[in-house]
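Each reported figure results from applying straightforward, stated rules to the coordinates on display, with no laboratory input. None of these values were measured; they are calculated from a predicted model. Because the Cβ atoms are built from the backbone with ideal geometry, glycine has one as well, and the counts that use them run over all protein chains shown.
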Amino acid sequence: MLVHENIDLQPHNSFGVSANARYFSTVNSLEELRRAFQFATEKRIPTYVLGEGSNVLFSRDFPGLIIKIALTGVEIDQASGVVRAAAGENWHALVSSCIGESLYGLENLALIPGSVGAAPVQNIGAYGIEIASLIKQVEGLDTRTGERFNLDAKGCCFDYRDSIFKKAQGAHLVISEVTLQLDQDWMPDLSYLSRHEEFTEMSPETPEQLFSLVCRIRRRKLPDPKLVGNAGSFFKNPFVSAECLEELKIRHRDLVSFDTNDPGVKKLPAAWLLDKLGWKGKKHGGAEVSSMHALVLINTASATGEEISVLADRMMASVFDEFGIALEPEVRIL
Ligand SMILES: Cc1cc2nc3c(=O)[nH]c(=O)nc-3n(C[C@H](O)[C@H](O)[C@H](O)COP(=O)(O)OP(=O)(O)OC[C@H]3O[C@@H](n4cnc5c(N)ncnc54)[C@H](O)[C@@H]3O)c2cc1C
């Protein structure tokens with residue numbers, strides 16, 4: 001295991017912002033992962049586990065060890081529908097391979113940037129599907145004990161863009177492998193997708209067509225991080241009580257809302273709130289709110305992480321002032 005000193009994190013985050021990591025190590029095995037944590041313990045420095053960096057914002061230099069997860073390997077058992085993938089594998093490539101092996105369930109999650117290991121962390125979701133519904137087990141290293149852990153979906157405590165891995169009780173768990181249970185039969189969930197213009201042009205009749213449709217919609221709606229630095233949706237959609245929604249609707253009749261499993265709780269699209277306040281295209285230094293999508297902050301070329309963070313703070317403050325709603329960042333800010 002090699003440990004590098006004073007590494008610029010710019011190539012390691014989809015915002016493409018520069019920040020110095022005091023130490024940086026790429027780990028290819030569980031043993032290397034253990035040794036990386038040992039190194040940090042001996043030096044008494046903080047650690048941060050990194051996948052492909054598409055859901056993090058480095059707002060300042062990192063004084064400790066960044067541990068880049070690069071464990072690889074995929075096993076697909078077509079007969080049982082069980083798929084095991086190492087944490088360092090690319091998520092979109094896995095989705096594509098599973099469809100190629102005639103195993104289904106992941107199509108709506110195509111083209112989500114990032115690694116397999118990070119997918120359960122924020123319970124990635126798109127177009128009505130969350131990875132939580134397909135997880136069989138998540139394995140990895142408990143960095144407090146040095147032992148392996150193994151959790152089923154219930155143990156992962158999945159919620160909307162949330163899991164045990166984002167909470168204090170799971171912050172010491174590093175994922176090395178994810179096992180999914182997929183289907184041999186194709187049972188598409190088209191409920192969310194049918195709202196999009198691409199769907200009316202061509203309703204998908206095969207898993208491959210659904211995969212292509214999802215990719216087309218995403219390419220139209222979201223800036224490509226390879227071309228424009230961004231981390232997808234910066235904020236989570238907020239939940240409010242049904243009473244609160246009624247009050248808000250007195251002043252904002254056109255306010256959009258979605259039902260949840262609890263009739264007393266409604267989900268609001270954060271993009272609508274921000275759009276209403278005219279945030280699209282607003283700037284702070286090199287940071288800008290995308291003109292394509294009010295939830296997406298972009299690096300126009302030379303933004304610092306701090307500028308993006310300040311812009312995000314201003315957006316949250318304005319939503320709170322106008323709607324009394326505290327937006328929560330989806331992106332992990334360091
Ligand atoms: C253009 C764009 C579109 C996006 N669209 C979506 C979307 O539709 N739905 C969605 O849910 N997300 C979306 N995202 C967010 C992002 O793709 C996901 O959160 C993805 O899972 C992040 O993967 P990553 O490897 O880049 O994680 P990183 O950004 O490297 O890490 C994210 C978090 O996971 C932790 N982590 C990473 N690997 C591990 C591991 N092995 N063990 C424990 N913790 C780990 C990190 O410490 C960090 O807290 C989008 C991002 C972009 C840039």
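Given Cβ point charges of +1 (Lys, Arg) and -1 (Asp, Glu) and nothing else, what value in debye, to the nearest 20, does the dipole of the chain about its Cα centre take?
Magnitude of the dipole: close to 940 debye.
Pick out which of GLU288, GLU208, GLU89 has the largest mean-square fluctuation in a Gaussian network model of the chain, springs linking Cα atoms closer than 10 Å.
The residue with the greatest mean-square fluctuation here is GLU208.
Can you tell me what the convex hull of the Cα atoms of the range 229-333 projects to on average, as an area in nm²?
Value for the range 229-333: 6.5 nm².
About the Cα centre of the range 74-181, how large is the charge dipole given +1 on each Lys and Arg Cβ and -1 on each Asp and Glu Cβ? Please answer in debye to the nearest 20.
In debye, rounded to 20, the range 74-181 gives about 320.
Sort the following peptides by mean Cβ neighbour count (other Cβ atoms within 10 Å, averaged over residues), highest first: 240-249, 309-318.
Details: 240-249: 14.0, 309-318: 18.3.
Answer by packing, highest mean first, reads 309-318, 240-249.
Please list 3J(HN,Hα) in residue order for the range 149-161, calculated via the Karplus relation 6.51 cos²θ - 1.76 cosθ + 1.60 where θ = phi - 60°; whole Hz, with x for glycine and proline.
10, 8, 10, 8, 4, 4, x, 6, 6, 5, 8, 4, 6
Given the DSSP H assignment, sum -39500 (n - 2.57) over each helix run of at least 4 residues in the chain and divide by its residue total; what's the result at 222 nm in deg cm²/dmol, nearest 500?
-7500 deg cm²/dmol
Determine the distance separating the Cα centre of the range 273-309 from the Cα centre of the range 127-201; give it in Å without decimals.
Cα centroid to Cα centroid, the span is 29 Å.
Of GLN122, GLY64, ASN90, which is farthest on the positive side of the dipole of the range 43-134, counting Cα position, with +1 on Lys and Arg Cβ, -1 on Asp and Glu Cβ, and the Cα centre as origin?
Working it through, the farthest residue towards the positive pole turns out to be GLY64.
Starting from the Cα of LYS283, step 7 Å along the direction of its Cβ; do the same at SER133; then give the gap between the two resulting points in nm.
Between LYS283 and SER133, the simple spin-label model gives 4.2 nm.
Step through the residues of the range 10-16 one at a time and calculate ³J(HN,Hα) from phi using the Karplus curve (6.51 cos²θ - 1.76 cosθ + 1.60, θ = phi - 60°), rounding each to whole Hz and writing x for Gly and Pro.
3, x, 10, 9, 6, 6, x
Output ³J(HN,Hα) for the range 128-143: one whole-Hz value per residue in order, computed from phi by the Karplus curve 6.51 cos²θ - 1.76 cosθ + 1.60 with θ = phi - 60°, and x for Gly and Pro.
With coefficients 6.51, -1.76 and 1.60, one gets x, 10, 10, 4, 3, 6, 10, 6, 9, 7, 10, 10, x, 10, 8, 6 Hz.
Please report the Cα spread of the chain along all three principal axes, rounded to whole Å, starting with the longest.
58, 50, 37
What distance in nm separates the two pseudo spin-label positions at LEU227 and GLU205, each 7 Å out from Cα along the beta-carbon direction?
3.2
Sort 40-50, 293-303 by the packing proxy (mean of other Cβ within 10 Å over each peptide's residues), most packed first.
293-303, 40-50
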